[in-house]
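For reference, the structure is listed below as structure tokens.
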Amino acid sequence: MATTKLWGGRFTAKAAEWVDEFGASIHFDQQMAAEDLEGSIAHATMLGKQGIITVDESTQIVEGLKVLQKDLADGTLVFDVKNEDIHMNMESLLTQKIGAVAGKLHTARSRNDQVATDFHLWVKHRLPHVLEAITELQQELLKLATTHAGTIMSGYTHLQHAQPITYGHYLLAYFDMFQRDYERFEFNQLHTDILPLGAAALAGTTFPIDREFVANQLGFNDIYHNSLDAVSDRDFALEFLSNSAMMMMHLSRMAEELILWSTYEFNYIELSDDFSTGSSIMPQKKNADFAELVRGKTGRTYGALMALLTTMKSLPLAYNKDMQEDKEQVFDVMDTVIASVKIFTGMLSGLKVHEERMLASTQDDFSNATELADYLATKGVPFREAHAIVGQLVLQGLQTHTPLQKMSLAILQSAAPQIEDDIFNVLKSETAVNRRTSIGGTAVANVKKEIARHQIKLEARQ
């Protein structure tokens, strides 16, 4: 029995249903239905303008496509797996609407440049939503940093108390990470905003098409200037996945701290009830489940990047069926990153900060040891010698449970006679923080300047 597929002229056998199912992509690429119709309207309009088909034929096709747009919006379109993908489904549905003239829509294009165009449009339409979500997250970070510009807490290296910082300074570190993410997605737009349509299957077309007209109709900033590259390039999708993986890594790092810091042992923060869950057996539990979910979804995003990199790594030019595997990961990750960023924005907006607990964590942890070493260095003691002196004092303090600032002046001077009674002010957490006025330091004045600088950056996006 001969096949009835739209591409089946040279075939004499019909594939089994399960084979069609394996080769079909309609179950996921129907997400590009709106973009497919948008691209087809621009293409049909161009065909009429260029006289490749008559104006009447072009008008009839465009009107039929607009009816399909309405049906799509109303949720009444039904797709058939026998038509494989969104492109063949739309052509079949258009034929049902307007008859055989629908077959002229595919003049001067291939499914190869059509699918690439749909995919570009799909990502192009959604990247602004990613940028908007990042901006909202950064606004929340700035708001929280403004409130806590002077809230003192322990800074960590190796997850050990290191030196006092402010919570505002900590929050701005993540602001800067998300700023780099924002800029990467902005750059991603440049490579997404390129029109593949007109490359046809791989070599261009003999028809007198106007690619610049189509690009203008669809809002593309540029066109591909090599037909082989146009149909085989998925760099824009890989950039999106790579950028997403990096941003999810940033979210996951912060999620880890939110989880740790909301534990009984730390008790630095408390997440709102809206972004926490309880236990089915332990009534006292308040779990940071949404932070944990974001942390978990980071692995999902990494997997998508590795999957598409692996798919593309050895494909010869130009199009190969392997590239049908390019979309599901991108569709999933787009939903994942936007939702994750919005969840984080919500978590931060309802965050309760235990300021006294944060400050207390710096009072008996010897995180002011560097202050004493620096103090001795200003008195002419070589820093390595100062480091050893303070190390011995810390050991003594640990053995006697006495923080440096609670040791008597006599004990301190027995270790280093250069120490004077002004040391007790130097050893205060507030002093330690506010003496760090170098650019990028944690001094409260610095934090406030950075908040103002970042606020200007966000306002420029409006």
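Here are some notes:
- One decimal place: the segment Val67-Lys313 gains 84.5 nm when fully extended, by the rule 0.36 nm per residue minus the C-alpha distance.
- Quotient of Cα Rg and 2.2 N^0.38 Å for segment 243-306, N being how many residues it contains: 1.25
- Long-range tail of P(r) for segment 369-459 (Cα pairs > 21 Å, %): 41
- Relative contact order for segment 73-167, counting Cα pairs under 8 Å that sit 6 or more residues apart, in percent: 13
- Anisotropy class of the chain from Cα gyration tensor, a/c 1.5 cut: prolate
- Debye intensity ratio in log₁₀ form over the Cα atoms of segment 17-107, taken at each q of 0.23 Å⁻¹: -1.10
- Crossing angle, helix 289-312 versus the chain [Cα axis fit, 0-90 degrees, rounded to tens]: 50
- Summed side-chain charge close to Ser40 - residues other than Ser40 whose Cβ falls under 10 Å, Lys, Arg +1, Asp, Glu -1: -4
- On Cα atoms only, tilt of 235-261 relative to the major axis of the chain in degrees: 30
- Mean Cβ count within 10 Å, highest first, over the residues of peptides 110-116, 170-176, 267-273, 453-459: 110-116, 170-176, 267-273, 453-459
- For Thr437, Thr147, the sequence from fewest to most other C-beta atoms within 10 Å is Thr437, Thr147.
- In segment 113-360, the inverse of the mean reciprocal separation of distinct Cα atoms equals 20.3 Å; this is its Kirkwood hydrodynamic radius.
- Computed from label points 7 Å out along Cα-Cβ, the spacing between Asn221 and Lys352 is 4.6 nm.
- Mean separation of Cα contacts under 8 Å, 6 or more apart, over the residue count of segment 112-198: relative contact order %: 42
- Mean Cα-pair separation over length for segment 369-459, i.e. relative contact order, pairs under 8 Å, 6 or more apart, %: 21
- Size of electric dipole in the chain: Cβ of Lys, Arg +1 and of Asp, Glu -1, about Cα centre, debye, nearest 20: 440
- Shape descriptor for segment 130-266: Rg over Rh equals 1.22 (Cα atoms; Rh from the Kirkwood inverse mean 1/r).
- Excluding same-chain neighbours fewer than eight residues apart, the lysines reachable from Lys97 by a Cα-Cα span under 27 Å are Lys5, Lys14, Lys49, Lys66, Lys70, Lys82.
- Using only side-chain charges placed at the Cβ, +1 for Lys and Arg and -1 for Asp and Glu, the dipole size of segment 129-204 relative to its Cα centre rounds to 220 debye.
- Label positions at Asp274 and Glu183, each projected 7 Å from the Cα along the C-beta direction, are separated by 3.2 nm.
- Diffusion coefficient, µm² s⁻¹, Stokes-Einstein with Kirkwood Rh over alpha-carbon pairs of segment 215-254 at 25 °C and 0.890 mPa s: 197
- Eigen-decomposition of the gyration tensor built on the alpha-carbon atoms of segment 347-387 gives equivalent ellipsoid semi-axes of 35, 10, 7 angstrom, largest listed first.
- Highest-first arrangement of 336-345, 77-86, 96-105, where packing means the average Cβ count within 10 Å: 336-345, 77-86, 96-105
- Residues Leu293 and Ala201, FRET efficiency given R0 of 51 Å [Cβ-Cβ distance, rounded to 0.05]: 0.75
- Straight-distance candidates among the lysines for linking to Lys297, with alpha-carbon spacing under 20 Å and chain neighbours fewer than 8 residues away dropped: Lys327, Lys342.
- Part-to-part distance (alpha-carbon centres) for segment 186-204 and segment 74-108, which is given in Å: 23
- Distance distribution note for segment 98-144: the fraction of Cα pairs above 12 angstrom is 73%.
- The length gained on full extension between Gln396 and Arg435, counted as 0.36 nm times the residue separation minus their Cα-Cα distance, comes to 11.4 nm.
- Placing +1 on the Cβ of every Lys and Arg and -1 on the Cβ of every Asp and Glu, with nothing else charged, gives segment 204-282 a dipole about its Cα centre of roughly 200 debye.
- Percentage, to the nearest whole number, of Cα pairs in segment 413-462 over 15 Å apart: 62
- Ranking His387, Leu458, His401 by how far each Cα lies toward the positive end of the dipole of segment 369-459 (charges on Cβ) leaves Leu458 at the top.
- Cα centroid separation - segment 367-410 against segment 295-322, whole Å: 54
Bear in mind these aren't lab numbers, they're just calculated from the coordinates by the rules spelled out. Here the structure is a predicted model, which means the values were calculated and not measured. Note that each Cβ is placed from the backbone with ideal geometry, even for glycine, and that neighbours are counted across all protein chains shown.
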